[in-house]
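The next block holds one structure in the form of structure tokens; read it before the comments.
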Amino acid sequence: MTANAFEEDKQRAFDAGMNDHISKPISVNALLAALRKNLKFRKDNTMRKDKRTELWRVVKFVLFSASAGVIQIGLFTALNELCRWSYWPCYLIALVASVVWNFTFNRKFTFKSAANVPVAMLKVFAFYLVFTPISTLLGNYFTAKFADVSAINYIVLGLTMATNMITEFLYDKFVVFRGQENTAVSKKDKKKA
């Protein structure tokens, strides 16, 4: 908004990188029109639809992560109880199985990405290059330090899984699939084309 109302003033504003120009006196209709145009809040409620899409994306991620968690807990329990291995090998094997499951479903159904799968997997691998050693070392430390606490392995596993879910969602959204969400073409859409 500016008091400069001449065409050359308008042009200077656009040349400087502004994406709209409203001069004084301010017209409420002109202001609302500029907001709709620049905030993508159109009469078709695009912004509300985007928020619903993102909320649904979070819900799907949580549900797929929960299913991966069931796999991780089941495999961890089997290895921990049947093989009587220490915390870290049970955790690592169970983590790898859940990551493969989670990546496969979240890429296809949550982020609906047509991203280059090997590149996306390398990005996820980079996340786990950091997350896995930290979570394994800390998990091993806390299970040893509090060994006298009943079910400490499962308490530590649960906390680690919650941390993993939150950090991986953010990493997937802003690194792995950034700018590539909703780019996968469904079989139904391919038939239409």
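The values are calculated or read from the model by the stated rules, or taken from the named source; none is laboratory data. Owing to the predicted nature of the structure, the values given are computational and were not obtained by experimental measurement. In this analysis, Cβ positions are derived from the backbone assuming ideal geometry, glycine residues included, and neighbour counts consider all displayed protein chains. The area values use the complete protein model at the heavy-atom level, side chains included, leaving out ligands, DNA and RNA. Shrake-Rupley method; radii C 1.70, N 1.55, O 1.52, S 1.80 Å.
Values computed for the structure shown
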| read-out | value |
| --- | --- |
| Qualifying residue in region 37-46 (condition: at pLDDT 75 or above, closer than 28 Å to LYS112 by Cα and assigned to a helix (DSSP H, G or I)) | no |
| Residue among SER67, SER98 that alone is at pLDDT 90 or above, part of a helix (DSSP H, G or I), over 22 Å from VAL175 (Cβ atoms) and within 17 Å of the chain's Cα centre (by Cα) | SER67 |
| Filtered residues of region 88-120 (kept if more than 30 Å from LEU55 (Cβ to Cβ), aromatic (Phe, Trp, Tyr) and in contact with a Phe, Trp or Tyr (Cβ under 9 Å, 6 or more places away or on another chain)) | TYR91 |
| Only listed residue being modelled with pLDDT of 90 or more and loosely packed, with under 15 Cβ neighbours inside 10 Å, chosen from LYS145, LYS192, LYS188 | LYS145 |
| Matching residues, region 155-170, being in contact (Cβ under 8 Å) with a residue 12 or more places away in the chain and open to solvent by 50 Å² or more (accessible area, probe 1.4 Å) | THR163, MET165, THR167 |
| Selection within region 105-142 - aromatic (Phe, Trp, Tyr), open to solvent by 30 Å² or more (accessible area, probe 1.4 Å) and touching a helix residue (DSSP H, G or I) at 6+ places or on another chain (Cβ under 8 Å) | PHE105, PHE109, PHE142 |
| First in region 9-26 and without any contact (Cβ under 8 Å) to a residue 60 or more places away in the chain and part of a loop (DSSP other than H, G, I, E, B), second anywhere and exposed (fewer than 15 other Cβ atoms within 10 Å of the Cβ) and β-branched (Val, Ile, Thr), Cβ under 9 Å, 6 or more apart | HIS21/THR2; ILE22/THR2; LYS24/THR2 |
| Check on ASN106, at pLDDT below 95, of a type outside the set (A, V, I, L, M, F, W, C), assigned to a helix (DSSP H, G or I) and closer than 30 Å to GLY179 by Cβ | yes |
| Some residue of region 164-187 being charged (D, E, K, R) and touching a helix residue (DSSP H, G or I) at 6+ places or on another chain (Cβ under 6 Å) | no |
